[in-house]
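Worksheet for the structure shown next.
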Amino acid sequence: MHRNIITSEKPSPPRGGGRHVLVVDPDPGVTELLAGALELAGYRVGTAGTSAEGMIRLAQLRFDLVVWGGAAYGGLVKGRPAPWRFLAGRASPSVWE
């Protein structure tokens, strides 16, 4: 026996709520996978293939979060990825892979 359940509840909004995330990784497969998953979760996503390209995007737009892939650092500076110096004065939280 099947029941038809009618509910007045609205579906919940996407978790990302339109927040803007920048994904920086030199591997297009990784970038595509992360960007696709984040978009499905309701985030707006920008991508960059190098740390230099990521810096340019950060200078152009405001992001709520930056995800830096391991190979996108371009080297370490005093134990921290090179982009850290640029980001130190910015409000965008960063995730280092």
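Contact list please: Cβ distance under 7 Å, first residue in segment 24-40 and closer than 17 Å to Phe63 by Cα, second residue modelled with pLDDT of 95 or more, pairs at least six apart or on different chains.
Thr31/Thr47; Ala35/Val45; Ala35/Thr47; Leu38/Val45; Glu39/Val45
When you scan segment 5-97 for helices (runs of 4 or more DSSP H) that lie fully inside it, which ones turn up with 1 or more residues that are out of contact with any Lys or Arg (no Cβ under 9 Å at 6 or more places or on another chain) and at pLDDT 85 or above?
28-40, 51-60
I'm checking my understanding of the structure. Among residues of segment 12-55 that are of a type in the set (Val, Ile, Thr) and within 14 Å of Val66 (Cα to Cα), which one is surrounded by the fewest Cβ atoms within 10 Å (Cβ to Cβ)?
Thr50
The values are calculated or read from the model by the stated rules, or taken from the named source; none is laboratory data. Keep in mind that what you see is a predicted model, and the values were worked out from it rather than measured. Reconstructed Cβ throughout: ideal geometry from the backbone, glycine too, with neighbour counts over all protein chains shown.
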